[in-house]
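Right, one structure below, let's go through it.
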Amino acid sequence: MDSDKVLKILSECDALLEGHFRYTSGRHGKLYFEKIKVARRPDLVMELGRMTAEQMSDVKDSFDVVCAPAFGAIVFGFAAAHAMGKPFAFLQRDADGKMGIRSGFKSIVENSRVLLVEDVVTTGGSVREAIDVLNGLNATVEMVGLLVDRTDGQLKLDAPYRALLTVKAESWSPEECPMCKAGIELEKPGSSGKKN
């Protein structure tokens, strides 16, 4: 996969930031992917979807539907589903922060084989949560497609995964964060609605 092309797309959309950030996982780091900014460019979203479809071309017959968690990954999952000619469904969090399948999509997800598309993964917690929700509907996650794997390929999931871009991006707990210790202001860009 052409990781340089993915980096170019993210840079072109001002979606690659450097600073002191709090991630959805609660950890802190220097690199942040403001991936939702790519949504301002539907042409590039569709290109990333095409790249995901191409990356999954050898396994596309092993799933029936493409799913993605809200909000950031919806556009990428939709674009991948479109490129593969597959139905699309999404997961979202309720008022208490609990993830579930979006109302009206349950029937196409139940008892299906799923490609789960996520945008950026730091610890994999949201992906594991999504897999649990889908398993609860008797669906099987056959493959996970990631826009960015920040674990440098060290992610452990209950399903195989492939990433368009794999990077080694250090992250720390708030207690261990060197930038917190240095008094550098913390930024909290984006939000998935996840309760921490």
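Is it the case that segment 152-161 has a residue that's surrounded by 16 or more Cβ atoms within 10 Å (Cβ to Cβ) and of a type in the set (D, E, K, R)?
no
How about segment 28-47: which of its residues are out of contact with any helix residue (DSSP H, G or I) (no Cβ under 6 Å at 6 or more places or on another chain) and farther than 30 Å from residue 184 by Cβ?
Residues satisfying the conditions are 41, 42, 43, 47.
For residue 123, indicate whether it is out of contact with any Lys or Arg (no Cβ under 6 Å at 6 or more places or on another chain), surrounded by 15 or more Cβ atoms within 10 Å (Cβ to Cβ) and within 17 Å of residue 26 (Cα to Cα).
yes
For every residue, the table says whether it meets (1) within 20 Å of residue 74 (Cα to Cα); (2) in contact (Cβ under 8 Å) with a residue 24 or more places away in the chain; (3) surrounded by fewer than 18 Cβ atoms within 10 Å (Cβ to Cβ).
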site: 116; (1), (2), (3): yes, yes, no
site: 139; (1), (2), (3): yes, yes, no
site: 164; (1), (2), (3): yes, yes, no
site: 174; (1), (2), (3): no, yes, yes
site: 181; (1), (2), (3): no, no, yes
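List pairs: first in segment 78-100 and buried (at least 18 other Cβ atoms within 10 Å of the Cβ) and modelled with pLDDT of 95 or more, second part of a helix (DSSP H, G or I) and among the basic types (Lys, Arg), Cβ under 6 Å, 6+ apart or cross-chain?
Taking only residues 6 or more apart or on different chains, the pairs are 83/50; 84/60.
I need the full set of residues from segment 11-23 which are within 14 Å of residue 148 (Cα to Cα) and in contact with a helix residue (DSSP H, G or I) (Cβ under 7 Å, 6 or more places away or on another chain), in order please.
Passing the criteria: 15, 16.
Consider segment 136-151. How many of its residues are farther than 19 Å from residue 17 by Cβ and not in a strand (DSSP E or B)?
4
Given the conditions (1) buried (at least 18 other Cβ atoms within 10 Å of the Cβ); (2) not in a loop (DSSP other than H, G, I, E, B), and given that residue 46 satisfies all but one, which numbered condition is not satisfied?
The one condition residue 46 does not meet is (1).
Taking into account only those residues within segment 1-24 that are without any contact (Cβ under 8 Å) to a residue 24 or more places away in the chain and part of a helix (DSSP H, G or I), which is surrounded by the most Cβ atoms within 10 Å (Cβ to Cβ)?
Looking at the filtered set, the residue picked out is 8.
Report yes if some residue within segment 137-156 is modelled with pLDDT under 95 and touching a Cys at 6+ places or on another chain (Cβ under 9 Å); otherwise report no.
no
Taking the conditions exactly as written (under 18 Å from the mean Cα position of the chain (by Cα) and over 14 Å from residue 148 (Cα atoms)), does residue 100 satisfy them or not?
In short, yes.
The values are calculated or read from the model by the stated rules, or taken from the named source; none is laboratory data. On a predicted model such as this, the values are computed, not experimentally measured, just so you know. Note that we place each Cβ from the backbone using ideal geometry, even for glycine, and neighbour counts take in every protein chain shown.
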